[in-house]
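The values are calculated or read from the model by the stated rules, or taken from the named source; none is laboratory data. Please read all numbers here as calculations on a predicted model, not as lab measurements. Backbone-built Cβ (ideal geometry, glycine too); neighbour counts: all protein chains shown. Accessible surface is based on the protein model in full, side chains and every heavy atom, while ligands, DNA and RNA are left aside. Shrake-Rupley method; radii C 1.70, N 1.55, O 1.52, S 1.80 Å.
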Amino acid sequence: MKSDIILSGVGGQGILSIATTIGTAALMNDLYMKQSEVHGMSQRGGAVVSNMRVSSNPVASDVIPMGKADLILSVEPMESLRYIPYLKPGGWLITSSSPFVNIEDYPDIEKVKEEIRKYKNHIIIDADSIAKDIKSARSSNIVMLGAASPFIEIEESLFIKAIESIFKSKGSEIVAKNIEAFNLGRNYSLQNKK
Amino acid sequence: MSRVLLLGDEAIAQAAIDAGLSGVYAYPGTPSTEITEYIQNSKIAKERKLHSDWSTNEKTAMESAIGMSYAGKRAMVCMKHVGLNVAADAFVNSTITGVNGGIIVVVADDPSMHSSQNEQDSRFYGDFALMPMFEPSNQQEAYDMIYSGFEISEKYNTPILLRITTRLAHSRSSVELKPMREENKLKLPSDMRQFVLLPSIARNNYKKLLGNQIYFIDEAENSSFNKIIPGKDKSLGIIACGITYNYLIENFENHISPYPVAKICQYPLPDKLLKEFTDMCDEVLILEDGYPFVEKQINGLFGNSKIKGRLTGDLPRDGELNPNLVAKALGIKENIDLKVSDIISNRPPALCPGCGHIDVFNSLNEIMADYGPGHVFSDIGCYTLSALPPLNAINSCVDMGASITMAKGAADAGLLPAIAFIGDSTFTHSGMTGLLDCIIEKTPITIIISDNSTTGMTGGQDSHAFNRLPEICLGLGVEPEHLRIYTPLRKNHEESLRILREEIAYQGVSVIIPQRECVRTLERKVKSKKAEL
Ligand SMILES: Cc1ncc(C[n+]2csc(CCOP(=O)(O)OP(=O)(O)O)c2C)c(N)n1
Ligand code: SF4
């Protein structure tokens, strides 16, 4: 198997927590991985991207070549479009629907969504509301991970195990909330992928 | 043996600990910061009481490492590429002194300038100092090079340079660890004059260093990090340095190149190996993530029509390489049809909402409106982002400390008022010496040290200025009545306007210190306090 995932968002939104969870699940599955992160200046509210590469064979490049990503997973809708040239033909674009507006010229959100809908394989999910509904607003990134999970060739149970191991130190209630968040995201994608 | 997931930076840190390090010396700088932070947070490093406190700047770091080496112990110095400019005096002389305990200097270059003001290539510095160098292609090699690097350092009596780039520093992969070695024992140099660089001694040491070059080359010729990977199609050969090797093999099925490849990760260049390789191939493409360092050497002064690379336009002259750029240079056709939609806006980094620097700039902008544009010299830190809209507050950022000295030069030239805007950490890094120049000459200058009690830009490391900024200024000779301290908050706007007006009117050295902790650092401290409870 091979999953090349572009993770995108805005500095401060915590995309690295998604990367860590996928990485942990991949390691539990004895897969090879490389994950390139953004540190430094752009973390200060700028556009950030992380390249996550998981494979049953050794991974060469730390960055995903353009035109080769299986998946763009974005916690911000406009940011999901910034890395479009990386998506392979038929790749999936999965994004949260909540815009993060910290610039003056943020485009009309409806136009952004229209643009996203031009790609046949897309999922737009209101992860923030889903997380709020289960009274766990901070789990919105895990909802996003759940939404991406059907498109990553790692077994569902391993994601759950990864979530357990990562949130263990925060108590069983937080673990349960995040598993719930994961499942809600996952089910949303399973129902909405065509 | 255990495998762990580590950033390139973390692999370097872990390797140093495992190799019996006694101290790391560093000043923060993206993308090198995480090396030292890893050691600061390492349990075993704490148990062993390894030195890992931040240094005031890269020069003090490098010199402290030489001191630790003098005492027989292993030391590592870490910095970003421009830090090596600051440390250069000590760095270049460190090959003349040689080492007692091993020294590794880790320098993280930033091609494409993700978080930097230039993309200088540290391999030129290594060459200049006649120092052996490593350039890992992956996290495991980074680990292995540090682990064995200390031995090479001690064997040949020379510091070693390990050069990485942003991509490797901040990329995570699994690394296999080696057994942990004991620290060196305290031991004076066998030749007590080794570190005394009087001309008569230095000449001798330098001759020894020159004589050692053939051994350094020999190490590179026989290094397991430099190798030729055969390929059937000799119409082209590829020399891939460091991380570019990954970008190359990414383009081939099962990562097997049809062309012969020379993977180069250790310097000085193995000339025999490269001569044989170049002779064997009709053309040679050179891949380097940085300046055309190898390409220039192989070209020589008169060029070599076989050689392709950044100088021939087969690859871009600037910026980071990637698999797509390498594919293009190889003539591999790619279908990248999807284009970025033009409805997307740029999202540049910005000062955090609530940041104290913003309040200072709001006041400063209001005052400077009376004088017209072009009077504010600034420095490197979060506040540099004020060069962009909406603040548009500063007119320069060159290197750490240059705000004060540039404002001085401009004032000397008659451009008044001359304002310097600098952060607390940058001030202790390189601003204090410039302030002394101003005081000696009583330069008419207004220096704002925006004190957020942290090194914000690089993630909030402790600042050496903390709790001692006023005393430093007074000690250097700032007049007490022209040292003004206030809290930059909206409610103090009028007060700050008054202070600025009064000090700009003063025809001598004024230092204004707006003091309020970085909101991010504060937030993190509160969080970790909570976690402790
Ligand atoms: C020679 C050199 N070393 C390190 C850096 C990396 N660096 C950039 S800004 C900065 C610190 C800024 O701290 P401070 O001046 O206190 O400003 P703040 O970011 O906290 O506002 C550092 C370490 C650099 N650019 N140049
Ligand atoms: S990190 Fe701190 S100093 Fe930097 S912009 Fe944010 S609040 Fe200001």
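General observations
- To the nearest 10, the accessible area of residue A:167 is 40 Å² with a 1.4 Å probe.
- The A-B contact accounts for roughly 3800 square angstrom of buried accessible surface, both chains included, probe 1.4 angstrom.
- Centroid-to-centroid separation of segment B:407-421 and segment B:474-510 [C-alpha atoms, Å]: 17
- Computed over chain B, the quotient of the alpha carbon radius of gyration and 2.2 N^0.38 Å is 1.06.
- Sequence of B:443, B:487 when ordered by accessible area, the most exposed leading, probe 1.4 angstrom: B:487, B:443
- Distant-in-sequence amide contacts of residue B:312, defined by a placed amide H-H separation under 5 Å and a gap of 5 or more residues or a different chain, comprise nothing.
- When the C-alpha to C-alpha distance is required to be over 20 Å, the pairs from A:88/B:339; A:2/A:113; A:132/A:193; B:49/B:187; A:168/B:525 that qualify are A:2/A:113; A:132/A:193; A:168/B:525.
- Shown in residue order for segment B:56-68 are the 3J(HN,Hα) couplings computed by the Karplus curve 6.51 cos²θ - 1.76 cosθ + 1.60 at θ = phi - 60°: 5, 7, 5, 6, 5, 5, 4, 5, 5, 5, 4, x, 5 Hz (x for Gly and Pro).
- Placing unit charges on the Cβ atoms of the charged side chains and taking the dipole of the protein assembly as shown about its Cα centre, the candidate lying farthest along the positive direction among B:64, A:179, B:146 is A:179.
- Rounded to 0.05, the FRET efficiency of the residue B:339 and residue B:523 pair, given R0 = 51 Å and the Cβ-Cβ distance, is 0.85.
- By the rule of a C-alpha distance below 16 Å, with chain neighbours fewer than 8 residues away ignored, the lysines paired with residue B:272 are B:227, B:263.
- The ellipsoid that matches the Cα gyration tensor of segment A:12-79 has semi-axes, each √(5λ) in whole angstrom, of 22, 14, 11, with the longest given first.
- Placed amide H near residue B:283: partners under 5 Å, 5+ positions off or other chain: B:236, B:237
- Across every pair of non-identical alpha carbons in segment B:72-116, the mean reciprocal distance, once inverted, gives a Kirkwood radius of 11.7 Å.
- Accessible-area ranking of B:241, B:355, largest first, probe 1.4 Å: B:355, B:241
- Top positive-direction residue, dipole computed over the protein assembly as shown with Cβ charges, set B:184, A:100, A:149: A:149
- Using alpha-carbon coordinates, inclination of helix B:271-280 to the longest axis of chain B, degrees: 60
- Ranked from largest, the principal axis spans of the Cα set of segment B:70-175 equal 37, 32, 20 Å.
- For chain B: relative contact order, % (alpha-carbon pairs under 8 angstrom, 6 or more apart): 11
- For residue B:52, the residues whose amide H sits under 5 Å from its own are B:24, ignoring neighbours fewer than 5 places away on the same chain, with H placed 1.01 Å from N.
- Start at zero, step by 10 Å, and the Cα-Cα distances of segment B:144-235 spread as 11, 30, 32, 20, 6, 2 percent across the bins.
- Using θ = phi - 60° in the Karplus curve 6.51 cos²θ - 1.76 cosθ + 1.60, the 3J(HN,Hα) couplings for segment B:321-335 round to 8, 7, x, 5, 5, 5, 4, 4, 5, 8, x, 7, 7, 10, 9 Hz; x is entered for Gly and Pro.
- Degrees between helix B:493-505 axis and first principal axis of chain B (Cα, 0 to 90, nearest 10): 90
- Each Lys and Arg Cβ is given +1 and each Asp and Glu Cβ -1; about its Cα centre, segment B:356-521 then shows a dipole of about 260 debye.
- Each of B:52, B:199, B:91 was scored by the projection of its Cα onto the charge dipole of chain B, and the greatest displacement toward the positive side belongs to B:52; charges sit on the C-beta of Lys, Arg, Asp and Glu.
- Shape summary: segment B:227-330 maps onto an equivalent ellipsoid whose semi-axes, from the alpha-carbon gyration tensor, are 18, 17, 13 Å in decreasing order.
- Here segment B:227-330 exposes an accessible surface that is 52 percent carbon and sulfur, computed with a 1.4 Å probe and the other protein chains kept in place.
- Just so you know, the Rg over Rh for the protein assembly as shown is 0.98, from Cα atoms, with Rh as the Kirkwood radius.
- Compactness index (Cα Rg / 2.2 N^0.38 Å), segment B:3-220: 0.94
- Rg and Dmax of segment B:167-311, both derived from C-alpha coordinates alone, stand at 19.7, 58 Å.
- Shielding of A:104-113 by partner chains, average beta-carbon count, 10 Å: 2
- Compared with the dominant principal axis of the Cα atoms in chain B, helix B:8-18 is inclined by about 80°.
- Mean partner shielding of peptide B:301-308, defined as the number of other chain Cβ atoms within 10 Å of each residue Cβ, is 0.
- Pairs of alpha carbons in segment B:344-439 separated by more than 21 Å make up 33% of all such pairs.
- Neighbouring Cβ atoms from other chains, within 10 Å of the Cβ of residues in B:344-356, number 6 on average.
- Evaluated over chain A, the Cα radius of gyration and Dmax, each in Å: 15.6, 45
- Order by protection proxy (mean Cβ within 10 Å, highest first), peptides B:280-287, A:112-119, A:68-75: A:68-75, B:280-287, A:112-119
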